[in-house]
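A.B. asks: Have a look at this one before I ask anything.
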Amino acid sequence: MLHCWDGARFPPGGTISIPAKEFNLGFIRPVNSVSHGLRVFTCPLVNVRDALNQAMDEELERDERVFLLGEEVAQYDGAYKVSRGLWKKYGDKRIIDTPITEMGFAGIAVGAAFAGLRPICEFMTWNFSMQAIDQVINSAAKTYYMSAGAQPVPIVFRGPNGSSAGVAAQHSQCFAAWYGHCPGLKVVSPWNSEDARGLLKAAIRDDNPVVFLENELMYGVPFDLSEDVLQKDFVVPIGKAKVERRGTHITLVSHSRCVGFCLDAASVLAKEGVECEVVNLRTIRPLDVDTIEASVMKTGHLVTVEGGWPQYGVGAEICARVMEGPAFNYLDAPAVRVTGVDIPMPYAKILEDHSVPQIKDIIFSVKKVLNM
Amino acid sequence: RVLELTGCAASMVASSRSYADFTPEATFDIKKVDLHRLEEGPPLTATLTREEGLKYYRTMQTIRRMELKADQLYKQKIIRGFCHLYDGQEACAVGIEGGITLSDHLITAYRAHGYTLTRGGTVREIMAELTGRRGGIAKGKGGSMHMYTKNFYGGNGIVGAQVPLGAGVALACKYLGNDQLCVSLYGDGAANQGQIFETYNMSSLWKLPIIFICENNQYGMGTSVERSSASTEYYKRGDYIPGLRVDGMDVLCVREATKFAADHCRSGKGPILMELQTYRYHGHSMSDPGVSYRTREEIQEVRSKSDPISMLKDRMLSNNMASIEELKEIDIAVRKEIEDAAQFATTDPEPPLDDLCSHIFANDQPFEVRGATPWTKLTSTS
């Protein structure tokens, strides 16, 4: 029996997963573990970029019909290096550099899906998807319905979404609400590496059009990935939110990068005795209303947090659903939204910083809702 | 002008058989094709067997009568919404199919009823789709512009969007190495769409097995080609892509050109572009009488001098490949088929309300769909 410093007990033959940080700091000594017949698995730190890369690599290997196309995905290794190494490994047939013609190559990708392939169509950023949005909505999303089930469209559209750093108005828009509006699409928005890996695998294996909204500022952020997550068949189910932090006083619902801000705000608020429950949506459409409602029914308070604009946005939808469902009766205060500022994104750093939700905005809103 | 472009020459073949025997096959002179970036084009003659002739005749007549019946049903308000009829253009759909096989692929825009038929749909299910019934080819969910069969990807409502889709299908053919090709059709109106030029570029770069076909019926809705296009030589608009301009009223011309184009694709040379010069008798759609931007005289002249069905009929009769009675019998059989289909299409029940939310996602668990009110909870199944 191995007795750990924190009181945990491990019988021989088991596996323990340790965050890399703790292992490196010597909390668990490998020699003790080995002598007790335990296999120690140190969770590697994997950043979101590498998680996406590994997910694509594994799915390309698993299914010959999967291929990737987009600008600079092959020889450049990806504009944001998400597809690094894939062209070298899989070659021209399966990793295809396209000209700068979104409407054309998105249409080609959808047509390839019609004919039985499983394309991953990358938009360098989701801002450029507007050039191709007709193909995403009218050709991809609606076809299974219009054909009464005769023509499935197994395609993934992916790329970075939302604000970045200093790229100004035309390159900073969040499209979660735009695509989340449309029946026939699944829309996912991962936050951390586990989300990125599991949701991308799920999206590629899904027989339907999936809009996969990444975040450029998250690409370089590392997270521990447990052994389970690193299994080749690990998928995160589309349509299920995850409670990242349990709490009792207020529910914070968020997606993508803002989930991290919510957790940071929750740490600060915890010092003042406010325990926030943080819900990571993971999927925009279909929205996991059950998880949101269960949380609100427990805490009685709701703040949604998103990077996109407020009008007709993700937060607006969440509030409307809560109003219309059983959780309304449990609200002790109106639900509110924390969002990006309702302006095109400015360039100057001070202006940009004030255009997106900051941790202090979340804390302020929580206190307002809790009447503190 | 239209007639200059669509004149036909039927050559006489001396038949040594008695009038009781039919000529089993005959060779006809067909109009020379205009070439762009091609040294040689399709042959100047086409051989037609009696079987082929009867098949083409029957199929074209079926399309013709089906479209006229749709016109009737639309005026009776049994068909609603958009209805874009194909009568006059039959030689295109039938000739193209004569040059490829059903294991090849095809995609077109919204004037799609004729192609739905040549690609394996039945008149019954096409008409029942137009009337929005559960027996429709898309179970009433799609309507006139959204009909699909195996290797036929519609029926597409957004002008020009079908062209990159077709290139994607062609990419899949090349990827899977199956020696198949994709025919991607669009009209003179769509020919100026940017996404088509994007598709020309990528298809050529990647040598995709795609035949671009522009069905030039002289009018994009109410806008004549002179008023929409700085260059009306649509067969040259592919620039670096070889092109052919073909008499689209002659089913044999279309067939030979399609065979030529298919050989080009299958030999790995990449895309090729065909412009079919054709004509629609109806307006753009059933809401368009079709005479505010063109004259009745023009329509009548095409009908009397270049009708594709008459042209084939004359050829077959004057070469003793069929008798008038035989063709009349086909007409009667077609009429009956259309009547039966119309009967079905007007009596089949509408789709069940349970079907409202189905077919959102493929291969998924059933899930809840919000109805018009928060209390209306509907279910979607795959």
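Nothing in this text is a laboratory measurement; each read-out follows from the coordinates by a stated rule. Everything quoted here is computed from the prediction, not taken from an experiment. Methodologically, a virtual Cβ is constructed for each residue, glycine included, from the backbone with ideal geometry; neighbour enumeration extends over all protein chains shown.
A.B. asks: List the residues, sorted by chain then number, that are 5 or more residues from A:Ile96 or on another chain and whose placed amide H is less than 5 Å from its amide H.
C.D. replies: Excluding prolines and chain starts, which carry no amide H, the hits are A:Leu68, A:Leu69, A:Gly70.
A.B. asks: Now for a separate question. Any idea which of A:Cys319, A:Val296, A:Val356 is furthest toward the positive side of the dipole for segment A:218-372, if Lys and Arg beta-carbons carry +1 and Asp and Glu beta-carbons -1?
C.D. replies: So the residue furthest toward the plus end is A:Val356.
A.B. asks: Once a ≥ b ≥ c are taken as the square roots of the eigenvalues of the Cα gyration tensor of segment B:100-205, is the result rounded (a/c under 1.5), prolate (a/b larger than b/c) or oblate (a/b not larger than b/c)? Could the numbers behind the result be given before it?
C.D. replies: On the way: a/c = 2.66, a/b = 1.51, b/c = 1.76.
Oblate is the answer for segment B:100-205, as a/c is 1.5 or above yet b/c matches or exceeds a/b.
A.B. asks: Using a/c under 1.5 as the rounded threshold, could you call chain A rounded, prolate or oblate? The axes a ≥ b ≥ c are square roots of the C-alpha gyration tensor eigenvalues, and prolate needs a/b larger than b/c, oblate otherwise.
C.D. replies: Details: a/c = 1.67, a/b = 1.10, b/c = 1.52.
Oblate, because a/c is 1.5 or more while a/b does not exceed b/c.
A.B. asks: Residue by residue, what Karplus-based ³J(HN,Hα) values in Hz, rounded to whole numbers, does segment B:162-177 have, using 6.51, -1.76 and 1.60 with θ = phi - 60° and x for Gly and Pro?
C.D. replies: After applying 6.51 cos²θ - 1.76 cosθ + 1.60, I find 5, 6, x, 4, x, 5, x, 4, 5, 4, 4, 4, 5, 4, 7, x Hz.
A.B. asks: Using modelled backbone amide H atoms (1.01 Å from N, in-plane), which distant-in-sequence or interchain residues come within less than 5 Å of A:Glu306's amide H?
C.D. replies: When sequence neighbours closer than 5 places are left aside, the close amide H contacts are A:Val338, A:Thr339, A:Gly340.
A.B. asks: Among B:Gly114, B:Gly177, B:Ala138, whose Cα projects farthest towards the positive end of the dipole of segment B:77-178, with charges put on the beta-carbon of Lys, Arg (+1) and Asp, Glu (-1)?
C.D. replies: Comparing the listed Cα positions along the dipole, B:Ala138 ranks first.
A.B. asks: Give me, ordered by chain and number, the residues 5 or more places off B:Met274 or on other chains with an amide H under 5 Å from its own placed amide H.
C.D. replies: When sequence neighbours closer than 5 places are left aside, the close amide H contacts are B:Phe212, B:Ile213, B:Cys214, B:Leu244.
A.B. asks: State whether segment A:250-325 is rounded, prolate or oblate according to the following rule on the C-alpha gyration tensor (a ≥ b ≥ c being the square roots of its eigenvalues): a/c under 1.5 gives rounded; otherwise a/b larger than b/c gives prolate, and the remaining case gives oblate. Mind dumping the intermediate values first?
C.D. replies: Numbers: a/c = 1.92, a/b = 1.32, b/c = 1.45.
Oblate.
A.B. asks: Take every DSSP beta bridge whose two residues both sit in the protein assembly as shown, then give the antiparallel share in percent to the nearest 5.
C.D. replies: 30
A.B. asks: Measuring from label point to label point, each 7 Å out along Cα→Cβ, what is the B:Glu368 to A:Asn371 span in nm?
C.D. replies: Calculated label separation equals 3.0 nm.
A.B. asks: For a label point 7 Å from the Cα of B:Arg134 along Cα→C-beta, name the residues of segment B:368-382 whose backbone N is under 16 Å from it.
C.D. replies: B:381
A.B. asks: With chain B treated as a Gaussian network of Cα nodes joined by springs under 10 Å, which of B:Pro366, B:Pro209, B:Pro42 yields the largest mean-square fluctuation?
C.D. replies: In this elastic network of chain B, the residue with the biggest mean-square fluctuation among B:Pro366, B:Pro209, B:Pro42 is B:Pro366.
A.B. asks: Once phi is turned into θ = phi - 60°, what whole-Hz ³J(HN,Hα) does the Karplus curve with 6.51, -1.76 and 1.60 give for every residue of segment B:66-76, x standing for Gly and Pro?
C.D. replies: Per-residue couplings from phi come out as 5, 5, 5, 5, 4, 4, 4, 5, 5, 5, 7 Hz.
A.B. asks: I'm checking a number: the convex hull volume of the Cα atoms of the protein assembly as shown, normalised per residue, in Å³. What is it? Each step should come with its number before you reach the end.
C.D. replies: Numbers: hull volume 144.1 nm³, N = 754.
Measuring per residue, one finds 191 Å³ for the Cα hull of the protein assembly as shown.
A.B. asks: Any idea how far the Cα center of segment B:279-304 sits from the one of segment B:336-353, in Å?
C.D. replies: The two parts, judged by their Cα centres, are 29 Å apart.
A.B. asks: What is the Cα centroid distance between segment A:103-132 and segment A:258-335, reported in whole angstrom?
C.D. replies: If we compute the Cα centre of each part, the gap is 33 Å.
A.B. asks: Taking K and R as +1 and D and E as -1, what net charge do the other residues with C-beta under 10 Å from the C-beta of A:Glu71 add up to? Could the numbers behind the result be given before it?
C.D. replies: Working: positive: none; negative: A:Glu72, A:Asp97, A:Glu102, A:Glu122.
Spelling it out: positives minus negatives among the neighbours equals -4.
A.B. asks: Still on this structure: Mind listing the phi-derived Karplus ³J(HN,Hα) values for segment A:251-267, rounded to whole Hz, using 6.51, -1.76 and 1.60 with θ = phi - 60°, and x for any glycine or proline?
C.D. replies: 9, 10, 10, 8, 8, 6, 4, 5, 4, x, 5, 4, 5, 5, 4, 4, 4
A.B. asks: Add +1 for every Lys or Arg and -1 for every Asp or Glu among the other residues with Cβ under 11 Å from the Cβ of A:Pro310, and state the total. Walk me through the numbers on the way to the answer.
C.D. replies: Working: positive: A:Arg337; negative: A:Glu306, A:Asp342.
With Lys, Arg at +1 and Asp, Glu at -1, the net is -1.
A.B. asks: Give me the net charge of A:Gln131's neighbourhood, meaning all other residues with Cβ under 11 Å from the Cβ of A:Gln131; Lys, Arg count +1, Asp, Glu -1.
C.D. replies: Working: positive: none; negative: A:Glu102, A:Asp134, B:Glu198.
Its environment carries a net charge of -3.
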